[in-house]
Protein chains: 4
Amino acid sequence: MLILMRVGATDEQVQNVCAVIRDHGHEPLVLPGQDRLAVGIPDALTPEERINLEMSIGSLEAVSKITHTSRPYKLASLEFHPERTVVEVKGVKIGGGNFVVMGGPCSVESLEQFQQSAEIVRASGAQILRGGAFKPRSSPYAFQGLAEEGLKIMKQVGDETGLVTISEVMSPDLVSLVAEYVDILQIGARSMQNFPLLIEAGKSGKPVFLKRGPSATIDEFLLAAEYVLSQGNPRVILCERGVTPLDRAYTRNTLDLAAVPVLKEHSHLPVIVDPSHGTGVARYVSAMSKAALVAGADGIMIEMHPNPKVALSDGAQALTPEQFTALMREINALAKFLALNVLG
Amino acid sequence: MLILMRVGATDEQVQNVCAVIRDHGHEPLVLPGQDRLAVGIPDALTPEERINLEMSIGSLEAVSKITHTSRPYKLASLEFHPERTVVEVKGVKIGGGNFVVMGGPCSVESLEQFQQSAEIVRASGAQILRGGAFKPRSSPYAFQGLAEEGLKIMKQVGDETGLVTISEVMSPDLVSLVAEYVDILQIGARSMQNFPLLIEAGKSGKPVFLKRGPSATIDEFLLAAEYVLSQGNPRVILCERGVTPLDRAYTRNTLDLAAVPVLKEHSHLPVIVDPSHGTGVARYVSAMSKAALVAGADGIMIEMHPNPKVALSDGAQALTPEQFTALMREINALAKFLALNVLG
Amino acid sequence: MLILMRVGATDEQVQNVCAVIRDHGHEPLVLPGQDRLAVGIPDALTPEERINLEMSIGSLEAVSKITHTSRPYKLASLEFHPERTVVEVKGVKIGGGNFVVMGGPCSVESLEQFQQSAEIVRASGAQILRGGAFKPRSSPYAFQGLAEEGLKIMKQVGDETGLVTISEVMSPDLVSLVAEYVDILQIGARSMQNFPLLIEAGKSGKPVFLKRGPSATIDEFLLAAEYVLSQGNPRVILCERGVTPLDRAYTRNTLDLAAVPVLKEHSHLPVIVDPSHGTGVARYVSAMSKAALVAGADGIMIEMHPNPKVALSDGAQALTPEQFTALMREINALAKFLALNVLG
Amino acid sequence: MLILMRVGATDEQVQNVCAVIRDHGHEPLVLPGQDRLAVGIPDALTPEERINLEMSIGSLEAVSKITHTSRPYKLASLEFHPERTVVEVKGVKIGGGNFVVMGGPCSVESLEQFQQSAEIVRASGAQILRGGAFKPRSSPYAFQGLAEEGLKIMKQVGDETGLVTISEVMSPDLVSLVAEYVDILQIGARSMQNFPLLIEAGKSGKPVFLKRGPSATIDEFLLAAEYVLSQGNPRVILCERGVTPLDRAYTRNTLDLAAVPVLKEHSHLPVIVDPSHGTGVARYVSAMSKAALVAGADGIMIEMHPNPKVALSDGAQALTPEQFTALMREINALAKFLALNVLG
């Protein structure tokens, strides 16, 4: 940590900063300069120490700026955990060089609709079946999902097909219910900083699929993962799903694909891309899916509906079965090529 | 609603759109043009009808764009509810020409610290006492609040001083607990789209103070209010607290002060501004507080700590007691001037 | 165009809107609804008519909102110009199924440095050589480029190697000078709405490489292209180079890769991606380059320096010769695979 | 400057960084820590040195992050120039405790329209007359201004009324022409990083009114001012006019009003607010104007048209003469109150 003093800070003000640092058990290092001073703390700080020091020093007089020399996350960090995490669920490995596809409708609408969806997913070679039972909707007037009835359908269809299932949980008191029926708990983008939910999902011991919030920085995203990890649950999967768009006229979000190599550089956790929400437009999903694969993602999550025209939610971004199957063919061919050619 | 067809759309594709509209019980109106057609729906639509139609039409062939001719919220809308809402709590009126000040520390840290805070708030003439018992923190390593112990302190100090109290609730299963101890339930910015929480807060019947999410549009903000209102709870207070910043180097958020006249034009609900989170810097709070008053807000929420240097959270943005008292003097003088001069 | 009236608009106010529309030579269509009216204009409007009508109607009483049923650009639009543009320069085709690579240093620093760069570019199979002679720099204290001396070096090296050359022009009065020395005129992101420059570049008849501004919407970007096209110069190449970042801590910009399929859907102009500026970090350039290829871009622009450690500008985002050559090998293999497998 | 090394950096890599620092004539200071090292440079650096060092070090091996302990601008900085700048033009003082109002139409449309505008401006007590002769327009099909004819009208009306005049210049080759006719040169938001234009405006010696770009950070804004100042022209006026909006549905930009106290804290230059572009909606201009005054701005720039309904540009955001006159009355009363009450 480095504390920059204002130009013209008095000796007393500098000594004041040093005293606070010593009170916290660290030795300050005064760095003189031509027109102003800085005070450094050479010790490595735990996140707790860093936060406490920042609060103590932040409001002292003549302090201009505090800069950090380390990232605020530890458990999610590749530097402190150099082995990459592979999350294994019912034999499916997420991370570690595989490329998994999670496909299925936005919402579970009926047993028939979900069985049809699962059949298409399985036939295409994808391994994970998605579906929403509790739906977060911007408007209270929109379809809110089938709730527990939807979870039961997911469980039945998961058992029938052998596919791994994933569904969103929106509230800490529902974690145990959702965990009973599905294999992976999804934390949605709007819930990324729902800390009670993160803690409960962490305690459940289930794999947690964590979507990045629409205005979350990389640090905030990895700190959200840290909440789950700090409960002793190492099975966290990160998902980039688009950030607040500059221009809402053509896409629903701005897919931040460079977050894939950024996250891979700084964290050991697997990274999935969701081009369906990332663009909001079915026509752009194929291009962004292949781009995610080539950019180094560990998989994609794709919305597909047996009949998007009658979908009860997000029809505009869902692929048809034909489009989904065609995409899977392309993805498989491309993945094979990349494996043979050891690209990036 | 207006559906713009692509250039070169066939008659059949246009008839297809018309048929879907008729299936929903509305009469389409074909609007011919030089190089392309549009299909209009003259009927006013309820939000449910609008959402359902949008989903049905969105994935039809040759549909280029759907535009709306109405806002998606109804209960929060000034057009449909032309009388402005005044939320009255223990004799304090929020809205209706008053300017209320909510002051107090970020976190309740101890009985003594909170009693000191309350004393300063009361002496300055402010009417509402804020304090956090359950704290949403980006990092799991930061101070998380005193939980129920903090609520008990709030209740005791509220009773002792007669001040109205407000505190954040982060989880639907805690709504009844928090509602037992404090007068106003706060929904934080990170929880603005925590729909189960909004519904539970709506059901509680308590006044709900709803903060705008950092990347929430005005429509999303008012739809979040709509969730609370649609539970039959009319006592909703809106709060602008800054949006995702363009530049994190100087302020923590970008305070969107023009949201005050925008919200006042489109909604009947009272609007409060939080310049403490809106800037994140104590030095800028006074300027933005006075600006909020002049811009037409119904009040401000201000972080103040008896001793910001030892605050357990957000010390950098908290005013000292002296700064808070000086601000209240300025606010009172300015409010008096405005009342006499009938500005804006 | 559709004009939505406020709830409670009077007959007179509606007739007022209709009268203005008739004054402009169009026939209004009143669309009644349950709680409010809209007025439509079925005629297709030229961009001029649209702008003029919007201005006339925008300030009339009881007008709530104006929505458009068409895009504001024409010459850049694929709908009105369904044949895709291929820009051919000295035998190199940009667009039309090729994937071109533009490589070279941020700045031309010396004849030797630029000759070395050109040699690496040519040996790797790339066809276009980039280099800055006039450099736009945020700080007046940063290296500003060699100016005409740099252009002369570019001309000489272009002639020696047969490579197509591209360099930025920052000012309308320098268009003819830069056009004399290089093959393609680059308009930088900060100049995207420098309209006098766009007009001058349009008049030059030279191919124009137009970078998207950091906060430009797709419409603003295509309207900037429209400025060049409307001068009778059809040779415009679009370049996505990243938009204002949500998070400056890890990347310099947010590369909006979905802009590639969006631009391809709405415009006939070729689209290049610049992952060097799009990320600002050399380590992420390879992943984003391959992603651009797979997402359907017509090429990439890459910063490469014979020795990034001594680069006078943008060293942190420049590839080394070895990295550039490795990337070209990967790109070539991937392009070959895509051509054979007819992906997306 | 502080260079943070990666965890596990070797001695050789650290020595490499130190050697580069010594090559630049500075003494490095190695700051050991628990799990990683940092290297500090205690010397104060000039902006040139800082940029050069950053480039040399940025691409060295095992360098994780470079943080700065000082701001990149000098001439614009209050720390290095503690006396606040007052720009005086024809007896009107901008800065130094005055609150100036710049009013007038978006575009000069005719002598009559501009004379009418000037009369309203003068009668209301405002001192500065704005008008556009060269108009930057997103679309090539929109009205582009009267060019030199407009400037002549401005000169004539300025002479007739004694009002100070201000108009935009878009291109370096037009600086001398515009400077001949008007008193203050305006650099528009889209031109904030048009460096040749900034340099030419600096050389002209005329007062320069510099608008913040829609996605410009505070540092980028002050560095743009630095370009003008570094030409020996101290008469720079800053203007906040709104940044890229989160939500384009209700306002055209997001007015970043907190930029006023931020700029006042870090720079000695006067700061004007433009609520007309900052919101894009005439109805919100009054609230934001008064907020700007209270927040500490040195003035406002307001679009007013004798008849907004027939304005050739930006009619939706222009005040009518009545609205403008009413606003001036409110502003004057408020300014008087503030002067008497010595608010913030």
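The values are calculated or read from the model by the stated rules, or taken from the named source; none is laboratory data. Computed from a predicted structure; not experimentally measured. Using ideal geometry, Cβ is built from the backbone for each residue, glycine included, and neighbour counts are taken over all protein chains shown. Please note that ligands, DNA and RNA were not included when accessible areas were found on the heavy atoms of the full protein model with its side chains. Shrake-Rupley method; radii C 1.70, N 1.55, O 1.52, S 1.80 Å.
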message: Once you place label points 7 Å from the Cα toward the Cβ at D:Ile66 and A:Glu48, how far apart are they in nm?
response: 3.6
message: Can you show me the helix-derived [θ] at 222 nm for chain B, built from DSSP H runs with n ≥ 4 at -39,500 (n - 2.57) apiece and divided by the number of residues, rounded to the nearest 500.
response: -11500 deg cm²/dmol
message: Below 21 Å, Cα to Cα, which lysines can A:Lys65 reach? Residues fewer than 8 away in the same chain don't count.
response: B:Lys309, D:Lys65, D:Lys74, D:Lys264
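Find the accessible area per residue for the protein assembly as shown; the probe is 1.4 Å, ligands and nucleic acids are left out, and the unit is Å². Please report the intermediate quantities before stating the final value.
Working: 44990 Å² over 1376 residues.
Accessible surface, normalised per residue, equals 33 Å².
Rounded, prolate or oblate for the range B:131-260? Axes are the square roots of the Cα gyration tensor eigenvalues, ordered a ≥ b ≥ c, and the cut-off for rounded is a/c under 1.5.
It is oblate, given that a/c is not under 1.5 and a/b is not larger than b/c.
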field: Descending semi-axes in whole angstrom, ellipsoid equivalent of the range C:39-109, from the Cα gyration tensor
entry: 42, 18, 9
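Given a 1.4 Å probe and no ligands, DNA or RNA in the count, how much accessible surface is buried by D and A, both sides, to the nearest 100 Å²? Intermediate values should be presented prior to the final figure.
Values: alone 15950 and 15920 Å², together 29410 Å².
Approximately 2500 Å², summed over both chains.
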- request: Stick to the Cα atoms of the range D:141-205, pair each with every other, and give me the Kirkwood hydrodynamic radius in Å at one decimal.
  value: 12.4
message: From the P(r) of the range A:253-294, could you give the percentage of C-alpha pairs in the tail past 11 Å?
response: 63
task: Give, as ranges by residue number, the residues of the range C:233-262 whose backbone N falls under 20 Å from the point 7 Å along Cα→Cβ of C:Lys93.
output: C:234-238
task: Assign one of three labels to the range D:259-344, namely rounded, prolate or oblate, based on the Cα gyration tensor with a ≥ b ≥ c the square roots of its eigenvalues; rounded applies when a/c is under 1.5, prolate when it is not and a/b is larger than b/c, and oblate otherwise.
output: oblate
- prompt: Under a 5 Å amide H to amide H cut-off, with H placed in plane at 1.01 Å, what residues pair with C:Gly132 once short-range neighbours are removed?
  reply: C:Ser107, C:Val108
query: Considering chain A as a Gaussian network with a 10 Å cut-off on Cα pairs, which listed residue, A:Asp173, A:Asp23, A:Asp183, attains the greatest mean-square fluctuation?
result: A:Asp23
- prompt: Considering chain C as a Gaussian network with a 10 Å cut-off on Cα pairs, which listed residue, C:Leu29, C:Leu174, C:Leu319, attains the greatest mean-square fluctuation?
  reply: C:Leu29
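Using just the Cα positions, wrap the range D:193-242 in a convex hull and report its mean projected area in square nanometres, one decimal place. Display every interim value, and only then the final one.
Values: hull surface 11.8 nm².
For the range D:193-242, the mean projected area of the Cα convex hull comes to 2.9 nm².
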field: Amide H partners (placed H, <5 Å) of A:Glu303, local residues excluded
entry: A:Ser276, A:Leu319
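Select from chain D the helices, each a whole stretch of DSSP H, whose alpha-carbon atoms run 24 Å or more along the helix axis and whose Kyte-Doolittle mean is at least -1.0; answer none if there are none.
Flagged H segments are D:321-341.
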field: Mean projected area in nm² (Cα convex hull; one quarter of hull surface) for chain C
entry: 20.3
task: Along Cα-to-Cβ, 7 Å out, sits the label point; list in nm, shortest first, how far the one on A:Arg6 is from those in the other copies.
output: 4.0, 4.7, 6.1
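Taking the convex hull of the alpha carbon atoms in the range A:194-344, what volume per residue do you get, in Å³? Spell out each step's value before the answer.
On the way: hull volume 19.3 nm³, N = 151.
Cα convex hull per residue, to the nearest whole number: 128 Å³.
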- prompt: Relative contact order for chain C: what is it in percent, counting Cα pairs under 8 Å that are at least 6 residues apart?
  reply: 15
statement: Label model pair D:Phe80, D:Arg6: point-to-point distance (7 angstrom along the Cα→beta-carbon line) in nm is 3.5
query: Can you list the residues of the range A:183-216 that have at least 50 square angstrom less accessible area with all protein chains present than in their chain by itself, probe 1.4 Å?
result: A:Arg190, A:Gln193, A:Phe195, A:Ser215
statement: Under the rule rounded for a/c under 1.5, else prolate if a/b exceeds b/c, else oblate, using alpha carbon gyration tensor axes a ≥ b ≥ c, the range B:1-130 is classed as prolate
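Structure shown: which of C:Lys203/D:Lys206; D:Lys93/D:Lys290; A:Lys152/B:Lys203; C:Lys93/C:Lys290 lie over 25 Å apart, alpha-carbon to alpha-carbon?
On the way: C:Lys203/D:Lys206 31 Å; D:Lys93/D:Lys290 20 Å; A:Lys152/B:Lys203 27 Å; C:Lys93/C:Lys290 20 Å.
Listed pairs above 25 Å: C:Lys203/D:Lys206; A:Lys152/B:Lys203.
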message: I want the antiparallel fraction of DSSP beta bridges within the protein assembly as shown, as a percent rounded to 5.
response: 35
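Only Cα pairs under 8 Å and at least 6 apart count here; give the relative contact order of the range D:165-269 as a rounded whole percent. Intermediate values should be presented prior to the final figure.
Details: 182 pairs, mean separation 22.0, N = 105.
Computed over the range D:165-269, the figure is 21 percent.
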- request: Run the accessible area of chain D with a 1.4 Å probe and give the carbon-and-sulfur part as a rounded percent.
  value: 50
query: Which residues of the range C:127-171 bury at least 40 Å² of accessible area once all protein chains are present, versus their chain alone (1.4 Å probe)?
result: C:Ser138, C:Pro140, C:Tyr141, C:Met170
- line: At the level of C-alpha centres, the distance separating the range A:207-222 and the range C:177-251, in angstrom, is 34
query: Karplus couplings for the range D:300-306 from phi (6.51 cos²θ - 1.76 cosθ + 1.60, θ = phi - 60°), rounded to Hz, Gly and Pro as x?
result: 9, 10, 10, 7, 9, 9, x
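Can you tell me what the convex hull of the Cα atoms of the protein assembly as shown projects to on average, as an area in nm²? Write out the running numbers ahead of the final one.
Numbers: hull surface 182.8 nm².
Projected over every direction and averaged, the Cα hull of the protein assembly as shown covers 45.7 nm².
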- prompt: When only C-alpha pairs under 8 Å and at least 6 residues apart count, what is the relative contact order of the range D:85-126, in percent?
  reply: 29
task: Using protein chains only (no ligands, no nucleic acids) and a 1.4 Å probe, work out which residues of the range A:232-251 have their accessible area cut by at least 50 Å² relative to the chain alone.
output: A:Leu246, A:Asp247, A:Arg248, A:Tyr250
